[in-house]
Amino acid sequence: MSSAPPAPAATGSIAAEAARRRTFAIISHPDAGKTTLTEKLLLYAGALGGAEAGSVKARQGRREVTSDWMELEKRRGISVSSTVLRFEHAGTVFNLLDTPGHKDFSEDTLRVLSAVDAAVMLIDAAKGVEPQTLRLFEVARARRIPLLTFVNKYDRPGMEPLEVLDHLASVLDLEAIPLNWPVGLPGSFEGVIDRRTDLFHRFTRTSGGATIAPVEVLDAESAAGADEGAWATAREELELLDAVDEEFDDAAFRDGRATALFFGSAVSNFGVGPLLDALVAIAPAPAPRHEVDAAGEPNGVRELEAPFAGLVFKVQANMDPRHRDRIAFVRICSGRFERGMRVTNERTGRTLAMAHAHEVFGRERSLLEEGFPGDVVGVVGAQDLRVGDTLWLEEPARFPAIPSLAPEFFMFVRNGDVSRYKQFRRGLEQLDEEGVVHVLRREAAGDPVPVLAGVGRLQFDVAVNRMEHEFNAAVRLEEAPWTVARRTEPEDVPTVREATGAEVLVRADGTHLAVFRSEFVLQRLERDHPEITLDRLLTR
Ligand code: G4P
């Protein structure tokens, strides 16, 4: 990549700066085209510098756009870590938070979704909603995140547009409001009608989609002349829609009950411009954030204009193997961030200087001098920052804990080399704090063998790989007998332990996890002891 994106102008008030920011993520199933769309959004925003789209992308077949920080990631060709892409276009500052596509890293995505104001749900026009899309959609819906849906690969045969509407309604129970409508069948896609202006945006293919697709904007009369058949069909379909009064309902969109729908083809650049425009026009800017008190109860909101407060939503070590560093990603929720500022960590009461704050653009980093609500700052080297921490200046703040998923896979982890016990312990501590895996112990049994737990087995591969390469600690994993877990309270521990096939494990932060050999054991306990806490969601 030739250059980092420009820093925002330091002009406006905090509210004005917040208003021109759009912080969002793309959620999709692997292969739906997230990498391609990301790149094309950068192309359309002019954020690739002189580079053409495609140059960011990997050599043959392996996808390693901008988030190939880890050896493991490269070997498997999957994205493990989150990237923050920041770019500015026509006065709007975009923060695009990447999410790992693989289901084993759903935890990461959950955290990222706690830091965005909107999401783009990307769907393959032929395959529709796939399992990982569904899973992420459910998280987005639970958090009421406004969703823009981009139906991709319209240059190939796939569902017809009316079918897409039915599909979203039946699979996701989601009302989709098309803001543009395709002209031409999937496979012979010619352009879109912008429903608000009724103009036909006719696309022209460019070589390999490496440059912006020229668009001809035609009014109804010239469109009919230029493309009689396809245009007439699209018009008829739109009349059908207009008849059922599918007006864009802003309130329903903003609380995630309805999605704004777009058709396009990321690879040939069709429909990418309108999506970018829609992100500016309808995706919400950062808003005041809810706060909680020490007991986790609602406690008003942090106004945008209040002094700086931010939420740590991701901690990542070893992003740059040359530096062996650790970056905490902080979403700014209020106030103005300035590099070097001394802030307080609400959890520990300790202060830290945000001296090495970076903005991160894939692999590139540049120092960020100033930031506003919606921006993401990478704080380098802050050893005691954890996911879920709130940082504040002048006026204390505490944002709600970030939920995490109850683990479904469990492994005993043994130290492979007695002389390196210290490294073993430190490595596990670090991985737990970052949330790479849960590190649990069987306190009561007096058993010193820690247990790793996660929602997918690939999390264990990452843990083992990092233990070996980063901490020089060889480890051996051994299958543990549990298959399901729930958060429980300390007072319920004796009751859980009485059940056959159940055990209680404890995380370093004091979270108690009841683990069960089977769903059946859990159900029996729930039936026999409805009074005890067995919660599906944990927090970090
Ligand atoms: P992901 O990040 O969601 O996993 O998907 P990615 O962008 O890597 O895209 C997956 C495949 O789908 C790629 O093909 C990509 O070129 C293709 N693709 C993306 N958008 C479109 C589109 O609008 N139309 C069509 N027809 N294809 C699209 P590949 O063969 O796996 O890789 P490549 O060799 O093309 O890079």
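Would you pick out the residues in the stretch 494-508 that are in contact (Cβ under 8 Å) with a residue 40 or more places away in the chain and either surrounded by 15 or more Cβ atoms within 10 Å (Cβ to Cβ) or assigned to a loop (DSSP other than H, G, I, E, B) (or both)?
503, 504, 505, 506, 507, 508
Between 7, 15, which is part of a helix (DSSP H, G or I), away from the ligand (no atom under 16 Å from the Cβ) and either modelled with pLDDT of 90 or more or not β-branched (Val, Ile, Thr) (or both)?
Only one candidate qualifies: 15.
Give the residue that is nearest to the chain's Cα centre (by Cα), with candidates limited to residues of the stretch 175-195 that are in contact (Cβ under 8 Å) with a residue 40 or more places away in the chain and not in a strand (DSSP E or B). Even if it seems obvious, please write down each step before you answer.
From the stretch 175-195, those in contact (Cβ under 8 Å) with a residue 40 or more places away in the chain are 175-186, 188-195; that's our starting set.
Checking the rest, the ones that are also not in a strand (DSSP E or B) come to 179, 184-186, 188-190, 195.
Working: 179: 24, 184: 33, 185: 32, 186: 29, 188: 32, 189: 30, 190: 32, 195: 29 Å.
Going through the qualifying residues, I end up with 179.
Quick check on the stretch 209-222. Is at least one of its residues loosely packed, with under 13 Cβ neighbours inside 10 Å and at pLDDT 75 or above?
yes
Go through 312, 343 for me and flag whichever is at pLDDT 90 or above and either closer than 21 Å to residue 112 by Cα or outside the structural domain of residue 376 (by TED's automatic domain parsing) (or both).
312
Which residue is nearest to the ligand (Cβ to nearest atom), if the candidates are limited to the stretch 124-147 and must be under 21 Å from residue 254 (Cβ atoms) and at pLDDT 90 or above?
Selected residue: 147.
Find all pairs meeting these conditions: Cβ atoms under 9 angstrom apart; at least six residues apart or on different chains; first residue within the stretch 28-44 and outside the structural domain of residue 270 (by TED's automatic domain parsing); second residue more than 7 Å from the ligand (Cβ to nearest atom) and among the hydrophobic types (A, V, I, L, M, F, W, C).
Once the first residue is outside the structural domain of residue 270 (by TED's automatic domain parsing) and sits in the stretch 28-44, no partner that is more than 7 Å from the ligand (Cβ to nearest atom) and among the hydrophobic types (A, V, I, L, M, F, W, C) comes close enough.
Going by the structure shown, is residue 399 part of a loop (DSSP other than H, G, I, E, B), touching a residue at least 12 places away in the same chain (Cβ under 8 Å) and among the aromatic types (Phe, Trp, Tyr)?
Yes, satisfied.
The values are calculated or read from the model by the stated rules, or taken from the named source; none is laboratory data. These numbers come from a predicted model, not from an experiment. Here the Cβ is made from the backbone with ideal geometry for all residues, glycine too, and neighbour counts use every protein chain on show.
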